[in-house]
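Undergrad: A single structure is presented below for examination.
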Amino acid sequence: MICLFIYFSLLQAILRLLGQISNEPLMTDESELECDEKLRKSYNSTKTAKHFQRHIVRGIEGWLSFGNYY
């Protein structure tokens, strides 16, 4: 029972920090928004590069396995 109480207290504290429980909106400034945008762009470009690399590797593997049959 005490463990459950601690869990909910911790959850409430985290939600308050994130601005979810209080009626005040979560305050962000321009530098935070700019940093968030840069992180999103970096994630997307990294993800795209990873998929591109995967396609190249699969193409080479297919080419090599096709060459082994002849």
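Each reported figure results from applying straightforward, stated rules to the coordinates on display, with no laboratory input. The structure displayed is predicted, hence computed values, not measured ones. Positions of Cβ are generated from backbone atoms using ideal geometry, with glycine treated the same way; all protein chains shown enter the neighbour counts.
Undergrad: Net charge within 15 Å of Asn44 by Cβ-Cβ distance, Lys/Arg positive one each and Asp/Glu negative one each, not counting Asn44 itself?
TA: Every neighbour counted, the sum reads +3.
Undergrad: Once R0 is set to 35 Å, what does the formula 1/(1 + (r/R0)^6) return for the Cβ-Cβ distance between Ala13 and Arg58, expressed as a FRET efficiency to the nearest 0.05? Working shown, then result.
TA: Values: r = 47 Å, r/R0 = 1.34.
Once the sixth-power term is evaluated, E becomes 0.15.
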